[in-house]
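K.L.:
One structure coming up, written as C-alpha coordinates, with questions to follow.
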Amino acid sequence: MEFTHFDSRGNAVMVEVGDKKETRREAEACGRIFMSQQCFYKVKEGAVEKGDVLAVARIAGIMGAKKTSDLIPLCHSLNLTGVELTFETEEESGSIRAVCRVRTTGRTGVEMEALTGVQVALLTIYDMCKAIDKSMVMGDIHLCRKTGGKSGEFIYTK
(Lines give C-alpha, C1' and ligand atoms only; values in the text may rest on other atoms or scores of the structure.)
Protein backbone atom coordinates (compact mmCIF):
# COMPACT_ATOMS: atom_id res chain seq x y z
CA MET A 1 0.00 0.00 0.00
CA GLU A 2 1.34 3.42 -0.91
CA PHE A 3 0.45 6.92 0.23
CA THR A 4 -2.12 8.45 -2.13
CA HIS A 5 -1.70 12.13 -1.25
CA PHE A 6 1.78 12.53 -2.79
CA ASP A 7 2.85 12.71 -6.42
CA SER A 8 5.97 11.07 -7.89
CA ARG A 9 8.09 14.02 -6.70
CA GLY A 10 6.79 13.89 -3.14
CA ASN A 11 4.48 16.91 -3.45
CA ALA A 12 1.17 16.87 -1.58
CA VAL A 13 -1.78 16.47 -3.94
CA MET A 14 -5.52 16.07 -3.71
CA VAL A 15 -6.41 12.60 -5.00
CA GLU A 16 -8.22 12.60 -8.35
CA VAL A 17 -11.52 10.74 -7.89
CA GLY A 18 -13.28 11.79 -11.11
CA ASP A 19 -12.91 8.36 -12.74
CA LYS A 20 -14.09 6.42 -9.70
CA LYS A 21 -17.53 4.83 -9.67
CA GLU A 22 -20.14 6.36 -7.36
CA THR A 23 -21.12 3.96 -4.60
CA ARG A 24 -23.06 4.12 -1.35
CA ARG A 25 -20.54 4.82 1.42
CA GLU A 26 -20.90 4.82 5.18
CA ALA A 27 -18.46 5.29 8.04
CA GLU A 28 -18.78 5.12 11.80
CA ALA A 29 -16.21 6.58 14.18
CA CYS A 30 -16.15 6.79 17.94
CA GLY A 31 -14.21 8.35 20.78
CA ARG A 32 -14.48 8.97 24.48
CA ILE A 33 -14.04 11.82 26.95
CA PHE A 34 -13.18 11.05 30.56
CA MET A 35 -14.13 13.52 33.30
CA SER A 36 -14.49 13.83 37.03
CA GLN A 37 -17.52 12.19 38.63
CA GLN A 38 -18.84 15.65 39.60
CA CYS A 39 -18.67 16.83 36.01
CA PHE A 40 -20.08 13.55 34.68
CA TYR A 41 -23.18 13.80 36.88
CA LYS A 42 -23.76 17.45 35.99
CA VAL A 43 -23.69 16.56 32.28
CA LYS A 44 -25.90 13.50 32.78
CA GLU A 45 -28.44 15.44 34.88
CA GLY A 46 -28.46 18.48 32.56
CA ALA A 47 -27.13 20.70 35.35
CA VAL A 48 -24.27 22.42 33.50
CA GLU A 49 -24.85 26.20 33.54
CA LYS A 50 -24.11 26.59 29.82
CA GLY A 51 -27.03 24.31 28.92
CA ASP A 52 -27.68 20.82 27.58
CA VAL A 53 -24.12 19.70 26.88
CA LEU A 54 -24.94 16.64 24.81
CA ALA A 55 -27.55 18.42 22.67
CA VAL A 56 -25.05 21.16 21.82
CA ALA A 57 -22.25 18.61 21.24
CA ARG A 58 -24.52 16.63 18.89
CA ILE A 59 -25.18 19.71 16.73
CA ALA A 60 -21.49 20.69 16.82
CA GLY A 61 -20.42 17.20 15.76
CA ILE A 62 -22.86 17.20 12.84
CA MET A 63 -21.61 20.62 11.79
CA GLY A 64 -18.01 19.42 12.11
CA ALA A 65 -18.68 16.45 9.84
CA LYS A 66 -20.21 18.79 7.26
CA LYS A 67 -17.19 21.14 7.40
CA THR A 68 -14.44 18.50 7.24
CA SER A 69 -13.09 19.63 3.86
CA ASP A 70 -12.64 23.15 5.31
CA LEU A 71 -10.46 21.75 8.11
CA ILE A 72 -8.45 18.95 6.47
CA PRO A 73 -6.46 20.38 3.55
CA LEU A 74 -6.67 17.50 1.03
CA CYS A 75 -10.19 16.25 1.80
CA HIS A 76 -12.80 16.40 -0.92
CA SER A 77 -15.97 18.39 -0.32
CA LEU A 78 -18.75 15.81 -0.08
CA ASN A 79 -22.51 15.93 -0.36
CA LEU A 80 -23.42 14.07 2.83
CA THR A 81 -26.76 12.31 2.82
CA GLY A 82 -26.86 11.65 6.54
CA VAL A 83 -25.01 12.35 9.79
CA GLU A 84 -26.01 10.87 13.15
CA LEU A 85 -24.26 11.50 16.43
CA THR A 86 -25.11 9.54 19.57
CA PHE A 87 -23.70 9.42 23.09
CA GLU A 88 -23.31 6.62 25.60
CA THR A 89 -22.58 7.44 29.25
CA GLU A 90 -20.49 5.12 31.39
CA GLU A 91 -20.91 5.92 35.05
CA GLU A 92 -18.12 3.68 36.35
CA SER A 93 -15.38 5.38 34.33
CA GLY A 94 -17.00 8.82 34.32
CA SER A 95 -16.85 8.90 30.55
CA ILE A 96 -19.03 9.71 27.58
CA ARG A 97 -18.58 7.85 24.31
CA ALA A 98 -19.48 9.68 21.11
CA VAL A 99 -20.40 7.74 17.97
CA CYS A 100 -20.72 9.47 14.60
CA ARG A 101 -22.26 7.74 11.55
CA VAL A 102 -21.94 9.46 8.17
CA ARG A 103 -23.40 8.44 4.79
CA THR A 104 -23.07 9.57 1.20
CA THR A 105 -23.27 8.28 -2.34
CA GLY A 106 -20.09 9.35 -4.04
CA ARG A 107 -16.60 8.66 -5.32
CA THR A 108 -14.70 8.87 -2.05
CA GLY A 109 -15.31 7.73 1.50
CA VAL A 110 -16.65 9.51 4.56
CA GLU A 111 -14.16 8.24 7.16
CA MET A 112 -12.68 11.70 7.75
CA GLU A 113 -16.14 13.20 8.19
CA ALA A 114 -17.06 10.61 10.83
CA LEU A 115 -13.77 11.10 12.67
CA THR A 116 -14.12 14.89 12.54
CA GLY A 117 -17.69 14.70 13.81
CA VAL A 118 -16.59 12.68 16.84
CA GLN A 119 -13.68 14.96 17.65
CA VAL A 120 -15.72 18.17 17.34
CA ALA A 121 -18.43 16.69 19.58
CA LEU A 122 -15.84 15.77 22.22
CA LEU A 123 -14.19 19.20 21.98
CA THR A 124 -17.59 20.81 22.49
CA ILE A 125 -18.18 18.74 25.63
CA TYR A 126 -14.77 19.89 26.87
CA ASP A 127 -15.55 23.52 26.08
CA MET A 128 -18.90 23.46 27.85
CA CYS A 129 -17.52 21.65 30.93
CA LYS A 130 -14.04 23.15 31.37
CA ALA A 131 -15.23 25.46 34.17
CA ILE A 132 -16.07 22.34 36.19
CA ASP A 133 -13.17 20.07 35.15
CA LYS A 134 -10.12 21.21 33.20
CA SER A 135 -8.51 17.76 33.49
CA MET A 136 -10.86 16.01 31.06
CA VAL A 137 -9.12 13.65 28.63
CA MET A 138 -10.27 12.75 25.12
CA GLY A 139 -9.10 9.49 23.65
CA ASP A 140 -9.68 6.20 21.86
CA ILE A 141 -10.81 8.09 18.76
CA HIS A 142 -10.90 5.71 15.83
CA LEU A 143 -12.75 4.46 12.79
CA CYS A 144 -15.11 1.69 13.93
CA ARG A 145 -16.29 0.56 10.52
CA LYS A 146 -16.75 1.66 6.94
CA THR A 147 -18.50 0.28 3.87
CA GLY A 148 -18.43 1.06 0.17
CA GLY A 149 -15.80 1.98 -2.33
CA LYS A 150 -12.96 -0.02 -3.87
CA SER A 151 -11.54 -1.16 -0.53
CA GLY A 152 -14.92 -2.52 0.61
CA GLU A 153 -15.82 -3.15 4.22
CA PHE A 154 -13.59 -2.40 7.20
CA ILE A 155 -14.39 -3.31 10.80
CA TYR A 156 -12.15 -2.25 13.69
CA THR A 157 -11.16 -5.36 15.63
CA LYS A 158 -8.62 -4.25 18.25
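K.L.:
Has the range 33-52 got at least one residue that is β-branched (V, I, T), open to solvent by less than 20 Å² (accessible area, probe 1.4 Å), in contact with a Leu (Cβ under 6 Å, 6 or more places away or on another chain) and farther than 18 Å from L122 by Cβ?
P.N.:
no
K.L.:
If you don't mind, there's one more thing I want to ask. Do we have S93 as part of a loop (DSSP other than H, G, I, E, B), surrounded by fewer than 16 Cβ atoms within 10 Å (Cβ to Cβ) and either among the charged types (D, E, K, R) or touching a Ser or Thr at 6+ places or on another chain (Cβ under 9 Å) (or both) here?
P.N.:
no
K.L.:
Kindly indicate which of G51, G117, G106, G149 is of a type in the set (G, A, S) and farther than 30 Å from M14 by Cβ.
P.N.:
G51
K.L.:
Continuing with this model, one more query. In the range 37-53, is there at least one residue being free of Cβ contacts under 8 Å to residues at least 60 places away in the same chain and either under 30 Å from D7 (Cα atoms) or part of a strand (DSSP E or B) (or both)?
P.N.:
Among the residues of the range 37-53, not one is free of Cβ contacts under 8 Å to residues at least 60 places away in the same chain and either under 30 Å from D7 (Cα atoms) or part of a strand (DSSP E or B) (or both), which makes the answer no.
K.L.:
Among (1) over 20 Å from D133 (Cβ atoms); (2) touching a Lys or Arg at 6+ places or on another chain (Cβ under 8 Å), where does R32 come up short?
P.N.:
Single failed check for R32: (1).
K.L.:
I would also like to ask the following. Considering only residues that are touching a residue at least 60 places away in the same chain (Cβ under 8 Å), in contact with a helix residue (DSSP H, G or I) (Cβ under 7 Å, 6 or more places away or on another chain) and either under 26 Å from K42 (Cα atoms) or small (G, A, S) (or both), which ones fall in the range 70-113?
P.N.:
Across the range 70-113, the qualifying residues are G94, I96, A98, C100.
K.L.:
Report, by residue number, each residue of the range 111-158 that is open to solvent by 30 Å² or more (accessible area, probe 1.4 Å) and charged (D, E, K, R).
P.N.:
Within the range 111-158, E111, D127, K130, K134, D140, R145, K150, E153, K158 qualify.
K.L.:
Okay, next question. Given the residues L78, L122, which is the only one that is part of a loop (DSSP other than H, G, I, E, B) and touching a strand residue (DSSP E or B) at 6+ places or on another chain (Cβ under 6 Å)?
P.N.:
Checking each option against the conditions leaves just L78.
K.L.:
If you take the residues of the range 100-110 that are part of a loop (DSSP other than H, G, I, E, B) and open to solvent by less than 60 Å² (accessible area, probe 1.4 Å), which of them is farthest from A57 (Cα to Cα)?
P.N.:
So, considering only residues that are part of a loop (DSSP other than H, G, I, E, B) and open to solvent by less than 60 Å² (accessible area, probe 1.4 Å), the one farthest from A57 (Cα to Cα) is T108.
K.L.:
Looking at G46, G94, G51, can you tell me which residue is small (G, A, S) and at pLDDT 95 or above?
P.N.:
Sole residue among the options that is small (G, A, S) and at pLDDT 95 or above: G94.
The values are calculated or read from the model by the stated rules, or taken from the named source; none is laboratory data. Just so you know, these numbers come straight off a predicted model, no measurement behind them. A quick note on method: Cβ atoms are made from the backbone with ideal geometry, for glycine too, and the neighbour counts reach across all protein chains shown. Remember, those area values only see protein heavy atoms, side chains included, never the ligands or the DNA or RNA. Shrake-Rupley method; radii C 1.70, N 1.55, O 1.52, S 1.80 Å.
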